[in-house]
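K.L.:
Structure in structure tokens, see below.
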Amino acid sequence: MEIIENSKLTVVGAGSVGSSVAYAALIRGSARHIALYDIATEKVDAEVLDLAHGTQFTGSSDIVGGSDISVVAGSHVVVITAGAKQRPGQTRIELAEVNAGIIRTMMPQLLDVAPHAVYVIVTNPCDVLTVLAQEETGLPPERIFASGTVLDTSRLRWKLAERAGVSTASVHAHIIGEHGDTEFPLWSRATIGTVPILDWEMPGYPRISRDELDAIAIDVRDAAYKVIQGKGATNYAIGLSSARIVEAILRDEHAVMPVSTVLHDFHGLDGVALSVPSIVSATGAVPIRNTTFSDEELGLLRHSADALAGVAASLRG
């Protein structure tokens, strides 16, 4: 995979997710230069040292980092993973309050040193934080967006490929809406190859029922909880999916991905960030306005918007 000359990615936050994003980007050769920034000096210095020791074997040329925000300077893409993890018993709104404070403090500092970067928010709840960050900075919506349901979509395609007996690359389906409890698959447009999902069958792989699809959707929605229960956090897959988003930006790919931007007049939705199929390129992410939905799916999208708007309103208050 060709690396774009002098491209720079900075990952903000050296926890398990941030370090995994940097690691995935190094291995994939997502950017020529990678920086890792965190206010915890000892932690970030150790992560950078560990990653740097392996650069002989990676696609990217170097990694630097530290607790001085100057390491972010010159970035073309900034991926934000910094924030608190959800504690047992802590509500989503309580987590949002903590992380909203971190984002509000951090964004002006980052913009001072990387004013022309595209910003990708991975910190959860990523949709709500994207709305607040866009309001705080005044950046165009295409230049500040969340990783959204790119990972959820990968989980869905993996499950469907396993059930249908095909490669993941042959499954064309998206999870959209909130990155969280109200997300849902866009079944009306899901295909395997060119065959609608409900019509697919081949020897040893009978047709998939709607009940099966509903069960797969629930598995995908709850997948993170299962991983967290077993190992405490999700990090590898979000690292890989974030690196893939970075590549689409730096290589000006115009790739279609379900990232989460602040929507304006999108099927009647305004001022809320939700994942919908979007074009991701060097200028950022732009929702595909002529995406079509069934009536049921449009209702689910609006339900997702209402849930997130309520959280955002509580944080503004």
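K.L.:
For the stretch 221-245, which residues satisfy the criterion of being modelled with pLDDT under 95 and assigned to a helix (DSSP H, G or I)?
P.N.:
Those that are modelled with pLDDT under 95 and assigned to a helix (DSSP H, G or I): Arg221, Asp222, Ala223, Ala224, Tyr225, Lys226, Val227, Ile228, Gln229, Gly230, Lys231.
K.L.:
Right, something else. Among the acidic types (Asp, Glu) and closer than 17 Å to Thr123 by Cα: does that describe Asp222?
P.N.:
no
K.L.:
Which one of these is surrounded by 11 or more Cβ atoms within 10 Å (Cβ to Cβ) and among the hydroxyl-bearing types (Ser, Thr, Tyr): Tyr225, Tyr236?
P.N.:
None of the other options fit; the residue is Tyr236.
K.L.:
Would it be correct to say that Glu162 is without any contact (Cβ under 8 Å) to a residue 24 or more places away in the chain and assigned to a helix (DSSP H, G or I)?
P.N.:
yes
K.L.:
While we're on this one: Give the residue that is surrounded by the fewest Cβ atoms within 10 Å (Cβ to Cβ), with candidates limited to residues of the stretch 100-152 that are among the acidic types (Asp, Glu) and touching a helix residue (DSSP H, G or I) at 6+ places or on another chain (Cβ under 9 Å). Before the answer, list the steps.
P.N.:
Looking only at the stretch 100-152, we keep the residues that are among the acidic types (Asp, Glu), and these are 112, 127, 135-136, 142, 152.
From the residues that got through so far, the ones that are touching a helix residue (DSSP H, G or I) at 6+ places or on another chain (Cβ under 9 Å) too are 112, 127, 135-136, 152.
Working: Asp112: 11, Asp127: 32, Glu135: 15, Glu136: 18, Asp152: 29.
Among those that are among the acidic types (Asp, Glu) and touching a helix residue (DSSP H, G or I) at 6+ places or on another chain (Cβ under 9 Å), it is Asp112.
K.L.:
Restricting the search to the stretch 30-40, which residues are open to solvent by less than 10 Å² (accessible area, probe 1.4 Å) and either under 27 Å from Lys231 (Cβ atoms) or in a strand (DSSP E or B) (or both)?
P.N.:
Within the stretch 30-40, Ser30, Ile34, Ala35, Leu36 meet the criteria.
K.L.:
Still on this model: Output the residue which, of all residues in the stretch 1-27 that are more than 13 Å from Ile63 (Cβ to Cβ) and within 18 Å of the chain's Cα centre (by Cα), is surrounded by the most Cβ atoms within 10 Å (Cβ to Cβ).
P.N.:
Among those residues, the one meeting the criterion is Val12.
K.L.:
Confirm whether Ser275 is touching a Leu at 6+ places or on another chain (Cβ under 8 Å) and surrounded by 23 or more Cβ atoms within 10 Å (Cβ to Cβ). Lay out the reasoning, then the answer.
P.N.:
Values: touching a Leu at 6+ places or on another chain (Cβ under 8 Å): no; surrounded by 23 or more Cβ atoms within 10 Å (Cβ to Cβ): yes.
Criteria not met by Ser275.
K.L.:
For the stretch 279-315, enumerate the residues that are under 24 Å from Val120 (Cβ atoms) and either outside any helix (DSSP H, G or I) or touching a Lys or Arg at 6+ places or on another chain (Cβ under 6 Å) (or both).
P.N.:
Result: Ile279, Val280, Ser281, Ala282, Thr283, Gly284, Ala285, Val286, Pro287, Ile288, Arg289, Thr291.
K.L.:
Within the stretch 100-154, can you find the residues that are touching a residue at least 24 places away in the same chain (Cβ under 8 Å), over 27 Å from His254 (Cβ atoms) and of a type outside the set (D, E, K, R)?
P.N.:
Correct list: Ala100, Ile103, Met106, Pro108, Gln109, Val113, Asn124, Pro125, Val128, Leu132.
K.L.:
For Ala248, only one of the following conditions fails: (1) of a type outside the set (Val, Ile, Thr); (2) more than 22 Å from Ser19 (Cβ to Cβ); (3) assigned to a helix (DSSP H, G or I); (4) without any contact (Cβ under 8 Å) to a residue 60 or more places away in the chain. What is its number?
P.N.:
Going through the list (1) of a type outside the set (Val, Ile, Thr); (2) more than 22 Å from Ser19 (Cβ to Cβ); (3) assigned to a helix (DSSP H, G or I); (4) without any contact (Cβ under 8 Å) to a residue 60 or more places away in the chain, Ala248 breaks only (2).
K.L.:
Being among the aliphatic types (A, V, I, L, M) and outside any helix (DSSP H, G or I) is the filter; apply it to the stretch 41-80 and report the residue that is farthest from Ile249 (Cα to Cα).
P.N.:
Keep residues of the stretch 41-80 that are among the aliphatic types (A, V, I, L, M), which gives 44, 46, 48-49, 51-52, 63-64, 69, 71-73, 77-80.
Going one step further and asking which of them are outside any helix (DSSP H, G or I), we end up with 63-64, 73, 77-80.
Numbers: Ile63: 19, Val64: 21, Ala73: 18, Val77: 8, Val78: 11, Val79: 12, Ile80: 15 Å.
Top of the filtered list is Val64.
The values are calculated or read from the model by the stated rules, or taken from the named source; none is laboratory data. Because the structure is a prediction, the values reported are computed rather than measured. Reconstructed Cβ throughout: ideal geometry from the backbone, glycine too, with neighbour counts over all protein chains shown. SASA here: full protein model, heavy atoms, side chains in, ligands and nucleic acids out. Shrake-Rupley method; radii C 1.70, N 1.55, O 1.52, S 1.80 Å.
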